[in-house]
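Below is one structure; the comments refer to it alone.
The values are calculated or read from the model by the stated rules, or taken from the named source; none is laboratory data. Bear in mind the structure is a predicted one, so any value in this text is a computation, not a measurement. Positions of Cβ are generated from backbone atoms using ideal geometry, with glycine treated the same way; all protein chains shown enter the neighbour counts.
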Amino acid sequence: MPEILITTYLELNSQQDFRPSYSSDPVVQIQESHVPLVAFYRFLYKAVGEQWRWYDRNAWSDEKLSNYLSQSHIRVYVLYVSGTPAGYIELDHQPNRETEIACFGLIEPFFGRGYGKHLLSFGIQCALDSGAKRVWLHTCNLDSDIALENYKKRGFSVYKTTEEPMPELYT
């Protein structure tokens with residue numbers, strides 16, 4: 001476990017910078033979760049993020065999480081493989097024509113098949129199609145070893161890096 005938390009902020013500022021990579025696997029499907037079910041969201045958040053120490057939203061009450069998910073600018077898209085949830089991407093469409101990729105990842109049995117590139121590309125295209133002039137996200141050194149490289153390969157560039165002592169929450 002690292003002693004320092006290194007957070008890397010990335011952005012994509014134009015359609016021309018975007019380098020999508022889609023899967024041709026016919027069993028892959030992405031659907032927007034139009035009904036914000038707290039239990040389903042908690043399942044996704046835990047299944048995707050537990051190994052990366054995604055703990056922040058676990059502390060949210062059901063009411064707070066329901067209110068958050070019900071906001072019109074929050075969109076959750078679920079990746080299914082043969083009908084099984086395999087990951088998700090959460091977009092926060094902000095009023096300044098920016099979209100934050102708030103959460104993104106796969107459930108471990110689906111690693112290594114190109115589905116992450118596919119889901120990330122889908123999310124970026126959704127953001128751009130909704131009028132975003134800037135798509136941004138942050139990742140850290142607790143994330144997958146290939147996450148940062150995937151973001152860069154899709155066209156993101158680093159605009160800021162911060163370092164801080166590892167928060168107690170993550171130890």
Report the residue count in the stretch 79-109 for those that are more than 17 Å from LEU10 (Cα to Cα) and crowded, with 18+ Cβ neighbours inside 10 Å.
8
Being hydrophobic (A, V, I, L, M, F, W, C), surrounded by fewer than 19 Cβ atoms within 10 Å (Cβ to Cβ) and within 20 Å of HIS138 (Cβ to Cβ) is the filter here, so list the residues in the stretch 63-78 that pass it.
ILE74
Quick check on the stretch 132-144. Is at least one of its residues at pLDDT below 95 and surrounded by fewer than 14 Cβ atoms within 10 Å (Cβ to Cβ)?
no
Would you say TYR22 is part of a helix (DSSP H, G or I), closer than 21 Å to ASP145 by Cα and either in contact (Cβ under 8 Å) with a residue 24 or more places away in the chain or in contact with a Gly (Cβ under 6 Å, 6 or more places away or on another chain) (or both)?
no
Single condition ASN58 does not satisfy, out of (1) modelled with pLDDT of 95 or more; (2) more than 16 Å from the chain's Cα centre (by Cα):
(1)
Inside the stretch 48-69, can you point out the residues that are touching a helix residue (DSSP H, G or I) at 6+ places or on another chain (Cβ under 8 Å) and in contact (Cβ under 8 Å) with a residue 40 or more places away in the chain?
GLN51, ARG53, TRP54, TYR55, ASP56
Scan the stretch 62-82 and tell me whether some residue there is acidic (Asp, Glu) and either within 25 Å of ARG154 (Cβ to Cβ) or in a loop (DSSP other than H, G, I, E, B) (or both).
no
